């Protein structure tokens with residue numbers, strides 16, 4: 001794809017629209033301003049939203065040929081958002097997956113629940129849980145980041161050291177609260193595409209187009225880890 005884009009001299013981007021959602025635009029601003037301090041500790045992402053027979057997407061995403069895995073089906077958006085916030089190359093990932101025992105989700109041809117632990121080059125660690133496909137509850141996109149100065153938890157961030165008995169400070173943001181992407185971040189994604197450096201260079205803001213630790217590369221490593229039964233180093237991924 002890189003080669004084709006370069007030869008055709010066109011602009012391109014991978015549409016990871018969640019990074020343009022208000023939730024992650026605000027979190028990224030907090031990180032860029034250093035409000036959490038040097039970010040070299042931990043981050044945790046949890047995405048949950050049951051996709052069963054009642055959901056139109058179920059008819060195709062349940063098949064391995066079309067859905068692929070719990071990450072490829074839609075979890076890649078959460079993985080990309082995690083990489084956006086961590087701002088460091090992924091060195092290694094280890095994953096575990098399982099299947100639901102519910103008859104509702106029996107048609108899934110692949111493990112629909114997965115847990116992924118990522119090691120980053122800057123020393124940070126990240127965790128992503130993906131029980132979204134086979135959960136019986138409303139949509140939930142939990143984010144929790146811990147820095148040296150403060151922490152950021154979902155929509156009520158900035159809990160500071162020494163303030164354990166106090167409260168969290170709320171920030172105004174539109175949450176990613178629907179699998180239908182009801183917050184509609186696409187205008188921002190399109191603006192980002194139009195503002196990229198030029199034909200053949202891709203979207204500079206997207207980790208999906210950087211040379212290392214591209215979002216899908218991390219997803220492929222995470223998908224291989226359970227079947228290989230061991231951590232997968234990104235440098236060894238073939």
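The values are calculated or read from the model by the stated rules, or taken from the named source; none is laboratory data. What you see is a predicted model; the values in this text were computed from it and never measured. Methodologically, a virtual Cβ is constructed for each residue, glycine included, from the backbone with ideal geometry; neighbour enumeration extends over all protein chains shown.
Key figures
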read-out	value
Residues located in region 1-23, provided they are more than 21 Å from residue 216 (Cα to Cα) and in a helix (DSSP H, G or I)	7, 8, 22, 23
Within region 29-67, tally of residues that are over 30 Å from residue 107 (Cβ atoms) and either at pLDDT 85 or above or in contact with a strand residue (DSSP E or B) (Cβ under 9 Å, 6 or more places away or on another chain) (or both)	13
Residue check, residue 166 more than 18 Å from residue 21 (Cβ to Cβ), surrounded by fewer than 13 Cβ atoms within 10 Å (Cβ to Cβ), touching a strand residue (DSSP E or B) at 6+ places or on another chain (Cβ under 9 Å) and at pLDDT below 70	yes
Verdict on residue 26 being modelled with pLDDT under 85, out of contact with any helix residue (DSSP H, G or I) (no Cβ under 7 Å at 6 or more places or on another chain) and assigned to a helix (DSSP H, G or I)	no
